[in-house]
Amino acid sequence: MRATAAYATPGALNLAIMAGAICGICLCLWVSSHTQSWPLAILAAVAFALLGNTCYALMHEAVHGVFHDDPLINENAGRILAAFFPTAFVFQRIFHLTHHKNNRSEHERFDYYAPSENRFLKFVQWYCILTGLYWLALPTFCIVYFFLADLLQWRTLFGRKGAWFAQQTSAQEFLDAVATVPVWRGRLDIAVAAIVQLALSLALDLSFGGWMLCYAAFGLAWSSLQYADHAFSPVDRYDGAWNLKVSNFTRLVFLNYHYHLVHHREPSIPWNLLPKHVREGDPHPTFWSMYLKMWRGPRPLPQGAQTNPADNA
């Protein structure tokens, strides 16, 4: 989880931001469910998308053990924040750490297609990321897991281990990670998320349409960011990310998440210290320039870029 104790976590600040963001999220959900004004509902959804990414950034801190110095607070805060995604914290952690392990390797390189890979599948997967369907896959997975975890053979869900579909989509690495989670732990975290969502619905008298509008906006915003900070970056496990240039407001709302190159080089740095660790000469493409490039689709893999996870270990 946490590679070093060299950096003090801003635990009290993180708890305060978490409380404020959750209150803002509840307000946005209530407005979108009860207003008769479409412009106001859309405004609430946009605000929800921003605050949802604040919560995600805090959950990301908890995944790496740098939300709070107290491990118990760190874990429970991560579990609560995951419920607003909604997802299970235990899966968010193993998926994200698997991402760090395989970053820019042949196991996780969505922006390029090798000669041996199915180009059509690459494009489908790519535009699922850009349109927000990537977000939808995570709560859907949690529902399937909760009811069928004991019945499915996760490592061979898409055929024998090493099957081309599981390999090309990176699913194999994540399914292997899922198989390491005790079923009771996975179900516990899913139950926490479900209880939080149910409590929100009842306490705020949410409409399905208002809930969906907010989460559709969040899913689109979150999903597009998840690969904008990696797309077409160097094929390198640690340097395969960008420090994206965004407005000061965006950087504040996303808690410096766009300093993603710094984060991949040293995941134990808390969000408030990331700017201090930017190296002179690091490229700073703008988010929008990278986002527009992404809509052109995946590219052929550059010659000599066949990188494995262990190459840069």
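Some points to look at:
- Peptide packing: for 11-20, 207-216, the average count of neighbouring Cβ atoms within 10 Å per residue gives the ranking 207-216, 11-20, highest mean first.
- Inter-probe distance in nm under a simple model that places probes 7 Å from Cα toward Cβ, at HIS34 and PHE208: 2.2
- Considered as an equivalent ellipsoid built on the Cα gyration tensor, segment 8-137 has semi-axes of 30, 24, 10 Å, the largest given first.
- Rounded, prolate or oblate (a/c below 1.5 giving rounded, otherwise prolate when a/b exceeds b/c) for segment 168-241 by Cα gyration tensor: oblate
- Rounded to two decimals, the Cα-based Rg/Rh of the chain, with Kirkwood Rh, is 0.95.
- Rg to Rh quotient for segment 108-210, alpha carbon positions, Kirkwood Rh: 1.05
- Here is how the number arises for the chain: DSSP H runs of 4 or more residues each give -39500 (n - 2.57), the sum is divided by the residue count, and the result at 222 nm is -18500 deg cm²/dmol.
- Across q = 0.16, 0.18, 0.26 Å⁻¹, segment 1-65 modelled as identical point scatterers on its alpha-carbon atoms has Debye log10 I(q)/I(0) values of -0.60, -0.69, -1.04, in the order of the q list.
- Kirkwood hydrodynamic radius of segment 41-82, from inverse mean 1/r over distinct Cα pairs, in Å: 10.7
- Whole-angstrom gap from segment 78-124 to segment 212-239, using each part's C-alpha centre: 10
- For segment 158-313, alpha-carbon Rg over 2.2 N^0.38 Å: 1.28
- Averaged over residues, the count of other Cβ atoms within 10 Å places the peptides 62-71, 39-48 in the sequence 62-71, 39-48, highest first.
- Placing a label point 7 Å from the Cα of GLU280 along the Cα-to-Cβ direction, the residues of segment 226-248 with a backbone N closer than 20 Å are 243.
- Derived scalar couplings ³J(HN,Hα) [segment 24-41; Karplus, 6.51 cos²θ - 1.76 cosθ + 1.60; whole Hz; x for Gly, Pro]: x, 4, 4, 5, 4, 4, 5, 4, 5, 8, 10, 6, 9, 9, 5, x, 5, 5
- Computed over the chain: relative contact order in percent, which uses C-alpha pairs under 8 Å that are six or more apart: 28
- Coordinate range along principal axes, alpha carbons of segment 66-123, Å, largest first: 48, 21, 13
Each value in this text was obtained by applying a stated rule to the coordinates, not by laboratory testing. These numbers were taken from a predicted model, which means no experiment stands behind them. Every residue, glycine among them, receives a Cβ derived from its backbone with ideal geometry; neighbour counts consider all protein chains shown.
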